[in-house]
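S.K.: My questions all concern the structure below.
The values are calculated or read from the model by the stated rules, or taken from the named source; none is laboratory data. Keep in mind it's a predicted model, so treat the numbers as computed, not measured. Here the Cβ positions follow ideal geometry from the backbone for every residue, glycine too, while neighbour counts run over all protein chains shown.
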Amino acid sequence: MACELWTKELDAYLDGELPESETLPLDQHLKGCTDCTALILSKVQMKQAIRAAGKRYQPDAAFRAKVQQSISRPARFRFSRLWFPLLAGPLVLVAVLIFVLTLGRPRSDDRLLSELADLHVATLASANPVDVVSSDRHTVKPWFAGKIPFTFNVPELQDSPFTLVGGKAAYLRQSPGAELLFRVRQHQISVFIFQERALGNLRGLDEMKNAESFNLRSWSQNGLRYFAVGDVAGQDLDRLRDLIEAAG
Amino acid sequence: MPLFERLYNFACWLTQDRHEAEDLVQETYAKALHGFSSFRPGTNFRAWIYKILRNAFLNSRTGLKYTSTVSLDDEHDEASLPVAEETPESILLHRADSRLVQQGLERLTVAQREILLLCEVEEMTYQEIASTLAIPIGTVMSRLSRARQALRAAVGNMQSNQMKS
């Protein structure tokens, strides 16, 4: 294919939006075409320049506090209004008991999702997000030996957009487990692994979920419960899940 | 509020005014909270909340002023773009001067600026951008292409002016 036809595709190629059927021929073309290679280099540099220049404005702590206060105020108001009638009589209490009994499980699952989102945010906020820093799965997996009461396989990430950042021990509902941190483009994904029997029945979580703006995938494999949490698109989490499942 | 910094940055770029951006972010969170029932689990939260922010902007005084004077649909402005002669070396030079690129972004139309920021800074997929801006994917691609061309032209022109003066 002539250069003029490929140059139209370079932006989609760099944005990761070119279909795989076209990516390979374009890769081949770039190996032999200095004009297109130079053009793609300039486009990459422009993308990096926009990324750097675009991250320009930072909110101050006072504004953050103001927004947090403004969005938490109505919640407190509703809470007090909800509980006040409970004191009115046992009839209402029975109704609430029925409500809690029927909706108990989803609430428990929601709490679990929030805990996972909190763990992920805490990892991202930490100066030392992982305790074993390595992109080599043969380094990361052995590090967990003796630290958690089970073992698991770390996926092969070659030819995928994901990079292994490292891992650390994690705790959920007083159960020890593993947290693996992956990077895709500029995003980070935490994959938590726990023994399924330690967490109880969580089959309801096999559906797609989100918590606190994060996308989440959860699945069960070899008696272990996996959770993938990140601010990436659902397709990215699906792809990472496929890689982990393939690792067995 | 995990997307707080990003929403604030995006709002500042849209409004070009920190006070207006603060109002916009606050309004976005309030609307997101009240309208959370309209969010469908499993769909993209990020696109959903950016869409709220953008709609709030379009309904703000600055947004209304902008939409009443400039069409957001900039499909036909290609001919007016000056041609910028770019080389890898010149881009590398630009890269060193982040302020030049920031000034270039400021000179773009809101439609061009927002789509570049969603793609390059927020790293949204074309599908997410389409969902956020409520436009077809084909329009995302063409608008992105024109926005990049316009930014190159703006940066190139500023650099030429710098060299002359």
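S.K.: Scanning the stretch B:121-163 for residues that are of a type in the set (Val, Ile, Thr) and closer than 19 Å to residue B:101 by Cα, which turns out surrounded by the fewest Cβ atoms within 10 Å (Cβ to Cβ)?
M.R.: Across the stretch B:121-163, the extreme among qualifying residues is B:121.
S.K.: Identify, by number, the condition in (1) surrounded by fewer than 17 Cβ atoms within 10 Å (Cβ to Cβ); (2) of a type in the set (Asp, Glu); (3) free of Cβ contacts under 8 Å to residues at least 24 places away in the same chain that residue A:15 doesn't meet.
M.R.: Condition not satisfied by residue A:15: (1).
S.K.: Oh, and also: For the stretch A:19-44, how many residues meet the condition of being within 14 Å of chain B (Cβ to nearest Cβ) and crowded, with 17+ Cβ neighbours inside 10 Å?
M.R.: Total meeting the criteria: 5.
S.K.: Turning to a different aspect of this structure: Looking only at residues that are part of a strand (DSSP E or B), over 19 Å from residue A:127 (Cβ atoms) and modelled with pLDDT of 75 or more in the stretch A:188-213, which one is farthest from the chain's Cα centre (by Cα)?
M.R.: So the first thing to find is which residues in the stretch A:188-213 are part of a strand (DSSP E or B), and the list is A:188-195, A:209-211.
Now drop any that are not over 19 Å from residue A:127 (Cβ atoms), which leaves A:189, A:191-195, A:209-211.
Filter again for modelled with pLDDT of 75 or more, leaving A:189, A:191-195.
On the way: A:189: 4, A:191: 7, A:192: 10, A:193: 13, A:194: 16, A:195: 20 Å.
Only one residue tops the list, namely A:195.
S.K.: List the residue pairs whose Cβ atoms are under 7 Å apart, where the first residue sits in the stretch B:17-33 and is at negative phi, the second is of a type outside the set (Val, Ile, Thr) and not in a helix (DSSP H, G or I), and the two are 6 or more positions apart or on different chains.
M.R.: That search, which allows pairs on different chains as well, returns B:20/B:60; B:24/B:60.
S.K.: Out of the residues in the stretch B:22-41 that are part of a helix (DSSP H, G or I) and at the interface with chain A (Cβ under 7 Å from one of its Cβ atoms), state the one that is modelled with the lowest pLDDT.
M.R.: B:33
S.K.: Still on this structure: I'm trying to understand the selection: among the residues of the stretch B:1-12, which are touching a residue at least 12 places away in the same chain (Cβ under 8 Å), surrounded by 20 or more Cβ atoms within 10 Å (Cβ to Cβ) and at the interface with chain A (Cβ under 7 Å from one of its Cβ atoms)?
M.R.: B:3, B:8, B:9
S.K.: Looking only at the stretch A:135-149, which residues are touching a strand residue (DSSP E or B) at 6+ places or on another chain (Cβ under 7 Å) and surrounded by fewer than 15 Cβ atoms within 10 Å (Cβ to Cβ)?
M.R.: A:135, A:147, A:149
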